[in-house]
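Notes for the one structure printed next.
The values are calculated or read from the model by the stated rules, or taken from the named source; none is laboratory data. Just so you know, these numbers come straight off a predicted model, no measurement behind them. Quick reminder, even Gly has a Cβ in these numbers, built from the backbone with ideal geometry, and neighbours come from all protein chains shown. Note: accessible area is taken over every heavy atom of the protein model, side chains too, but ligands, DNA and RNA are not part of it. Shrake-Rupley method; radii C 1.70, N 1.55, O 1.52, S 1.80 Å.
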Amino acid sequence: MIEILSQTALATVQDLGRLGALGFGVGTSGAMDDLALAAGNLLLGNDEADAAVEIQVFPFELRFQVACAFALTGADCAATLDGQPVMPWWSYQANEGQVLRLGPPVAGPGRISRAYLCTAGGIDVPAVLGSRSTQLRGALGGYEGRSLRQHDVVRVGQPGDRVRRVGFGLVPPAQVDPLLQDGVAGMRVMPAAEYDHYDEASRAALWEQSWKITPQSDRYGYRLSGPKLSMTTPLELRSHGIVPGVIQVPHSGQPIVQMRDAQPSGGYPKIGTVIKADLWRLGQAPIGSMIRFIRCDWDDALAAEQRNRTYLDNVRRLTALYRSRPGLA
Amino acid sequence: MTQTEPQVSFLGTTALLFEAPGEMCLITQQRIWSLAREAQSWPEVGEAIPGMNNMLVSFADPPTNPTPLIMRLQDAWRAARPMPLQGRLVALDVIYGGDAGPHIGDVIAHTGLAIDDIVALHTAPDYPVYAIGSHPGYCYLGGMDRRIATPRRQVPVLRLPGGAVSIGGLQTGVSASDGPSGWNTIGSTSMVFFDATLSPPCLLQPGDVIRFRAERVIR
């Protein structure tokens, strides 16, 4: 069990998302940085799809009520365990009663915004409609269908399954596979249905200008500010299914990228879709930072997914190697 | 946008969107239901979800070359016959106006109709559930009378309560849980549309029919 000590947590239990419930109007939810969650799980010998705690407001504090192996992935939050430094992307063993504290993500050019607490055996909440991710609208999944609050006690793994071989770590994907466009964080985008209905200047601006992530950005969507995107003729669309990553353009001409908690259908015109393989990059881009969209096609998008899979395969291999080495504590 | 051929577009490599041509109508929707049922049985398809005269197809695993799947969809569309689902009829008692329908004044102002006429027109049809989407348990309905069509609100309401009966453009619907909405709320009902502990979790499914009954009109 872990006890949440922070007052305003806004942290949620997430896994890789709820697939297969779109027909009930239930979106995917899931980790904003799916790669960090999967890698953190693999580092502990978990299934890559196990649930973890996604932390997005700092400082964040919790107490281990039981001994438990853990890893923090995603943002480097200069964390401490009973005051001793805890490196991100590294596995540790916490003793009963120890307090883990995460500060704000460390400043710098590579600053990212969300951290994941992965625990041996995963965060143990009931799966609802096939997933442990928190779906806030409709209040289902995760911990009682809501964000974590002070004094919540969250179950971790099974007794006997919480002690793992620890003491090794990973190179984060942002270092293994950085993506910059003219020095600005990049995300690959495939044009979507209404792309050709935007005027030439707008289409050029989408690829050539930088977009700022406004404060009105959260797990539901990222509202961007930049040049106004205009259609040659306005379109009235019928409600249709959408997925995380879709870039909608409401009448204001300022795009909104649908993120993990987005509703599964919509009606605004779509100029493009941030590809699945790069959604983690956007999910980690801080409010106020600039991003660039990089045009790509189907084959590029599949190749990018393959690179992510290769990264996780390497993590799995490395972890298996360390865990099987005799003589290591 | 009136097309004669269906349009297919990508939502990244996660899904594709199939949009039927022509004016929005029930016959087309019945063909979409038929197409969705067929596509759902294909191994490369994760989910095939009807929208409003369109369908989202998510990939179980994105294919190296998506063209054969698109051609298969187009062939299946040509062959798709309207599937008249024999759904349940669910009657919903609605309190119209007052605190239950805070935007009915805007519908009155836009349509020039009296509240009783709006209630009469809104309760007259049987509304087929075209699709489920937006949020857990939400039903997209067809068949609203054009005379009470009212544009979406300039500024969305941040927290529309569950059970709100509302009008957005040519569509009407009932929100299944609290959440933001740009539609005009004209009334409310106490029906529960979604319960994750039930199987299936949704009260209604495409092909079911909703009938609104005026329990009370607050003038």
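Figures for the structure shown
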quantity: Residue under evaluation residue B:124, criteria (1) aliphatic (A, V, I, L, M); (2) touching a residue at least 24 places away in the same chain (Cβ under 8 Å); (3) away from chain A (no Cβ under 14 Å), criterion not met; calculated: (2)
quantity: Scan of the stretch B:12-30 for residues that are open to solvent by 10 Å² or more (accessible area, probe 1.4 Å), more than 10 Å from chain A (Cβ to nearest Cβ) and polar (S, T, N, Q), ordered by number; calculated: B:28, B:30
quantity: Condition met for residue A:277 (within 11 Å of chain B (Cβ to nearest Cβ), touching a residue at least 60 places away in the same chain (Cβ under 8 Å), in a helix (DSSP H, G or I) and crowded, with 22+ Cβ neighbours inside 10 Å); calculated: yes
quantity: Long-range neighbours under 7 Å by Cβ, at least six apart or interchain, first residue among the aromatic types (Phe, Trp, Tyr) within the stretch A:24-52, second surrounded by fewer than 24 Cβ atoms within 10 Å (Cβ to Cβ) and part of a loop (DSSP other than H, G, I, E, B); calculated: A:24/B:200; A:24/B:201
quantity: Test: residue A:287 is touching a strand residue (DSSP E or B) at 6+ places or on another chain (Cβ under 7 Å), over 18 Å from residue A:30 (Cα atoms) and not in a strand (DSSP E or B); calculated: yes
quantity: Condition check for residue B:70: closer than 30 Å to residue B:163 by Cα and within 13 Å of chain A (Cβ to nearest Cβ); calculated: no
quantity: Neighbours by Cβ (under 6 Å, 6+ apart or cross-chain): first from the stretch A:227-238, at pLDDT 95 or above; second open to solvent by 70 Å² or more (accessible area, probe 1.4 Å) and not hydroxyl-bearing (Ser, Thr, Tyr); calculated: A:227/A:209
quantity: Unmet requirement for residue B:105, which otherwise passes all of (1) within 10 Å of another protein chain (Cβ to nearest Cβ); (2) out of contact with any Leu (no Cβ under 6 Å at 6 or more places or on another chain); (3) not charged (D, E, K, R); calculated: (1)
quantity: Counted residues, the stretch B:62-90 - those being surrounded by fewer than 13 Cβ atoms within 10 Å (Cβ to Cβ) and among the small types (Gly, Ala, Ser); calculated: 1
quantity: Subset of the stretch B:145-161 that is among the β-branched types (Val, Ile, Thr) and closer than 22 Å to residue B:179 by Cα - its residue that is surrounded by the most Cβ atoms within 10 Å (Cβ to Cβ); calculated: B:150
quantity: Test for residue A:262: is it open to solvent by less than 10 Å² (accessible area, probe 1.4 Å) and either facing chain B (nearest Cβ under 10 Å) or in contact with a Pro (Cβ under 7 Å, 6 or more places away or on another chain) (or both); calculated: no
quantity: Criterion violated by residue B:59 - all others in (1) away from every other protein chain (no Cβ under 11 Å); (2) touching a helix residue (DSSP H, G or I) at 6+ places or on another chain (Cβ under 9 Å); (3) among the aromatic types (Phe, Trp, Tyr) satisfied; calculated: (1)
quantity: Top-ranked residue of the stretch A:280-329 - restricted to ones that are among the small types (Gly, Ala, Ser) and under 24 Å from residue A:45 (Cβ atoms), ranked as most open to solvent (accessible area, probe 1.4 Å); calculated: A:329
quantity: Among residues of the stretch A:100-129, those that are within 14 Å of chain B (Cβ to nearest Cβ) and closer than 21 Å to residue A:220 by Cβ, counted; calculated: 2
quantity: Residue match in the stretch B:166-174 (condition: touching a residue at least 60 places away in the same chain (Cβ under 8 Å) and either more than 13 Å from every other protein chain (Cβ to nearest Cβ) or charged (D, E, K, R) (or both)); calculated: yes
quantity: Count of residues meeting criterion [open to solvent by 20 Å² or more (accessible area, probe 1.4 Å), in contact with a helix residue (DSSP H, G or I) (Cβ under 9 Å, 6 or more places away or on another chain) and under 19 Å from residue A:283 (Cα atoms)] in the stretch A:184-225; calculated: 2
quantity: Subset of the stretch A:111-142 (residues that are at pLDDT 95 or above, part of a strand (DSSP E or B) and open to solvent by less than 20 Å² (accessible area, probe 1.4 Å)); calculated: A:115, A:116, A:117, A:118, A:119, A:123, A:131
quantity: Odd one out for residue B:36 among (1) within 12 Å of another protein chain (Cβ to nearest Cβ); (2) in contact (Cβ under 8 Å) with a residue 24 or more places away in the chain; calculated: (2)
quantity: Which listed residue is over 27 Å from residue B:27 (Cβ atoms) and open to solvent by less than 10 Å² (accessible area, probe 1.4 Å), from B:137, B:133, B:179, B:142; calculated: B:179
quantity: Within the stretch A:9-104, strands (runs of 3 or more DSSP E) holding 2 or more residues that are open to solvent by 10 Å² or more (accessible area, probe 1.4 Å); calculated: A:60-64, A:79-81, A:84-86, A:91-94, A:99-102
quantity: Enumeration of residues in the stretch B:11-52 that are at pLDDT below 95 and on the phi > 0 side of the Ramachandran plot; calculated: B:22
quantity: Residue match in the stretch B:106-115 (condition: under 23 Å from residue B:139 (Cβ atoms), under 21 Å from the mean Cα position of the chain (by Cα) and in contact (Cβ under 8 Å) with a residue 40 or more places away in the chain); calculated: yes
quantity: Restricting the stretch A:208-256 to residues that are outside any loop (DSSP other than H, G, I, E, B) and β-branched (Val, Ile, Thr), the residue that is nearest to the other protein chains (Cβ to nearest Cβ); calculated: A:246
quantity: Residue in the stretch B:130-141 that is away from chain A (no Cβ under 14 Å) and modelled with pLDDT under 95 present; calculated: no
quantity: Residue list for the stretch B:184-206, filter: under 17 Å from the mean Cα position of the chain (by Cα) and closer than 17 Å to residue B:119 by Cβ; calculated: B:184, B:185
